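Here the structure comes first, spelled out in structure tokens, and everything after it is commentary.
The values are calculated or read from the model by the stated rules, or taken from the named source; none is laboratory data. The structure presented is a predicted model; accordingly, all values stated were derived computationally and were not measured. Methodologically, a virtual Cβ is constructed for each residue, glycine included, from the backbone with ideal geometry; neighbour enumeration extends over all protein chains shown.
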Amino acid sequence: MHSIFQALSDTTGNIDTSAISSTNSNLISQNVIESHYKIVIEIYNCMIGYGIQSLTPEQIGALQSIAMLCPYTDGNAVYSARTILSLINTETYINECEASKQDNSTTEKSLKPT
């Protein structure tokens with residue numbers, strides 16, 4: 001995964017989408033977080049190579065499924081999926097786990113002595 005992230009962060013604009021696709025295909029996911037990353041990277045790589053308008057309904061559906069998950073248990077690919085989707089629609093994705101975490105942190109902050 002590290003080599004894929006390095007290739008995607010190339011600031012020269014010379015991203016080798018075929019190398020990223022090959023590396024991503026050869027990765028064996030060890031857990032659900034890595035599986036989500038593989039899906040998002042595959043879709044993002046396609047988007048880089050062919051443009052945002054090239055996303056298929058299946059790819060958009062996969063991104064939406066990942067975007068609705070809890071980033072705390074399902075990984076940062078949740079945020080990546082949400083970011084890609086923000087380019088094509090204005091829907092906001094917040095999972096219940098995030099809402100409860102935000103509520104708890106607000107409560108915890110208010111319980112601290114001032």
Next item on the list: Could you look through the stretch 11-32, keep only residues that are within 19 Å of residue 47 (Cβ to Cβ), more than 18 Å from the chain's Cα centre (by Cα) and not small (Gly, Ala, Ser), and pick out the one that is modelled with the lowest pLDDT?
Entry: 11
Note to self: I need a count of the residues in the stretch 45-69 that are at pLDDT 90 or above, in a helix (DSSP H, G or I), closer than 20 Å to residue 21 by Cβ and not small (Gly, Ala, Ser).
What the structure shows: 5
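Could you count how many residues in the stretch 77-87 are outside any helix (DSSP H, G or I) and either crowded, with 19+ Cβ neighbours inside 10 Å or without any contact (Cβ under 8 Å) to a residue 24 or more places away in the chain (or both)? Outline the logic, then answer.
Of the residues in the stretch 77-87, the ones outside any helix (DSSP H, G or I) are 87.
Narrowing the set further to residues that are either crowded, with 19+ Cβ neighbours inside 10 Å or without any contact (Cβ under 8 Å) to a residue 24 or more places away in the chain (or both) leaves none.
Of the residues in the stretch 77-87, 0 are outside any helix (DSSP H, G or I) and either crowded, with 19+ Cβ neighbours inside 10 Å or without any contact (Cβ under 8 Å) to a residue 24 or more places away in the chain (or both).
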Note to self: Restricting to the stretch 35-67, name every residue that is under 17 Å from residue 79 (Cβ atoms) and loosely packed, with under 15 Cβ neighbours inside 10 Å.
What the structure shows: 65
Margin query: Can you say whether residue 72 is more than 11 Å from the chain's Cα centre (by Cα), part of a helix (DSSP H, G or I) and not hydrophobic (A, V, I, L, M, F, W, C), as far as the supplied structure shows?
Written below: yes
